[in-house]
1. Quick one: what pairs do we get from the range 70-84, first residue among the hydrophobic types (A, V, I, L, M, F, W, C), second open to solvent by 70 Å² or more (accessible area, probe 1.4 Å) and assigned to a helix (DSSP H, G or I), C-beta under 9 Å, 6+ apart or different chains?
2. From the residues in the range 271-285 that are open to solvent by 40 Å² or more (accessible area, probe 1.4 Å) and over 27 Å from the mean Cα position of the chain (by Cα), which one is farthest from residue 196 (Cα to Cα)?
3. Identify, from the list 222, 252, the residue that is more than 30 Å from residue 313 (Cα to Cα), loosely packed, with under 12 Cβ neighbours inside 10 Å and within 15 Å of the chain's Cα centre (by Cα).
4. When you scan the range 286-302, do you find a residue that is in a loop (DSSP other than H, G, I, E, B), more than 27 Å from the chain's Cα centre (by Cα), under 23 Å from residue 428 (Cα atoms) and not charged (D, E, K, R), even just one?
5. For the range 239-246, check the following and say yes or no: at least one residue is open to solvent by less than 50 Å² (accessible area, probe 1.4 Å), outside the structural domain of residue 290 (by the TED database), more than 27 Å from residue 48 (Cβ to Cβ) and touching a Phe, Trp or Tyr at 6+ places or on another chain (Cβ under 7 Å).
6. Of everything in the range 318-355, what is closer than 21 Å to residue 376 by Cα, part of a loop (DSSP other than H, G, I, E, B) and of a type in the set (Lys, Arg)? Give them in sequence order.
7. State all residues of the range 132-179 that are part of a helix (DSSP H, G or I) and polar (S, T, N, Q); if no residue qualifies, say none.
8. So the check is Cβ under 8 Å with 6+ separation or different chains; which pairs have a first residue in the range 195-220 that's within 12 Å of residue 179 (Cβ to Cβ) and of a type in the set (A, V, I, L, M, F, W, C) and a second one that's at pLDDT below 85 and open to solvent by less than 50 Å² (accessible area, probe 1.4 Å)?
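The values are calculated or read from the model by the stated rules, or taken from the named source; none is laboratory data. The model shown is predicted, which means the values in this text are computed figures rather than measured ones. With ideal geometry, Cβ positions are generated from the backbone for all residues, glycine too; neighbour counts draw on all protein chains shown. Each accessible area value is taken on the protein alone, full model and side chains, heavy atoms only, with ligands, DNA and RNA left out. Shrake-Rupley method; radii C 1.70, N 1.55, O 1.52, S 1.80 Å.
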Amino acid sequence: MSVEVDVLLQEAKESIEAAQNYRSELQQRLHGLNQARKQIRGSSGQARETLRKHFAELQAAATRLLAERLANLLTEVDTIEADSIKPLDDCQSLIEHGVGQADELLREGEAALRCGLGEKEDKLGSFTKKAMHIQLDSLPEVPALVDVPCVSAQFDDSLLSLLRDRVARHGAVSSHPPVQIEELQERPGSILVRWCKVDEDFAAADYRLQYRRSGSGGSQYEDAYIGRESEFLVLHLDPHTDYLFRVCARGEGRTEWSPWSIPQTGYTTLAPHEWRSGTEGYILSSRKNIALRNDSSQSRCPVLYSKAPTYFCGQTLTFKISAAGQMDRRDSLGVCIDSESEEESLQRDQAVCISTNGAVFVNGKEMTNQLPAVTVGSAVTFDMEVVSLFPISNNNTSEGGNFKLRVTIGSGNREVVFDWLVDQPVDCLFFGCSFVHSGWKVLVF
């Protein structure tokens, strides 16, 4: 009986645990539903506000443009009217002056006819001279109606239909943006953002990536990238800080951008790569990720190492050359096990590097394979992965190492892949550079 009770108790405990897990899963799904509902209602309200604001601004602008056009046309009518009426007013004044002279002449003539015989001759003579002076046969010319303006207004009837057609196609409402952020991958002091199209019918010409600090009310989104690529490494980010990322696209032949993707939160726990301060011959930027070789010495080529071993296998380490000096075969860019060596170049044991002439060195030995020469704008990348860890033994030590890393060095459009044997397990590496001549400027990320 006790065994059966124990079995029942065990089953009851398992059922209770299963019910708790089931309830927890359901609660998580309820939370997901609430988040989805919040997104739908929030984005719908924002879309309504955007539509109302845009069409109110459009309506105000259209009203202003129509009022300006009406004022211009009315001004044209006023100008035509004024210019056309002035000659008529001048002609009217001339005619009215002639009518006044004729009235006065008529009064004098009638008075001359009524006067006595003694004055008749003098007054008739004076009247005759005055009549000849007025030139009663000279009449001003009055323009015919066909010769004076008849002002009218004309309109292009197609404007309304064109406007109706354009307005009918103006604006769009979409339930999903055409692009979404696909992956946020942490890198030292940076985040690699990848995105993809979710609308296959949308032909994207350019993408636009923006980011901002999360939880900062006054923080505004700022552009990180505009171009045709579908990934970008956002640099200069503070570790253990949340950032919001969003992306949109511009269609082929279009000027406007698509709706923004749903913002995604990302952060990096990895400290940014920094050069070591105080190395002779180098000036560092404020963030210590850019180094400038500022003096030249043919006899000594100091190595500038990283502040700490911040490069981990599985990551990509990039050296970006923004300025170049004179090339020398002793120059080097690469990674190493330690940073205490007094060698004047990374072309030494326990290091792999590339020279500015494109030669690749492994533990101080030059490989037969060579990469393109390093110039302004070059990006040299190092990728490493652990291939195998051999048992530590005298035999393996005599073979040159017991820890194998597969190294890929890329420069330009070429790569060199090889296995690097080191005599001790490593999980993080230093990086470094050395230049014989001044003028070289390198960014590491």
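1. Here the result reads none, with nothing in the range 70-84 linked to a residue that is open to solvent by 70 Å² or more (accessible area, probe 1.4 Å) and assigned to a helix (DSSP H, G or I).
2. 280
3. Working: 252 fails: within 15 Å of the chain's Cα centre (by Cα).
Sole residue among the options that is more than 30 Å from residue 313 (Cα to Cα), loosely packed, with under 12 Cβ neighbours inside 10 Å and within 15 Å of the chain's Cα centre (by Cα): 222.
4. Checked the range 286-302: at least one residue is in a loop (DSSP other than H, G, I, E, B), more than 27 Å from the chain's Cα centre (by Cα), under 23 Å from residue 428 (Cα atoms) and not charged (D, E, K, R).
5. yes
6. Within the range 318-355, 329, 330 qualify.
7. Hits for the range 132-179 are 158, 161.
8. Listed pairs, sorted by first residue: none to list.
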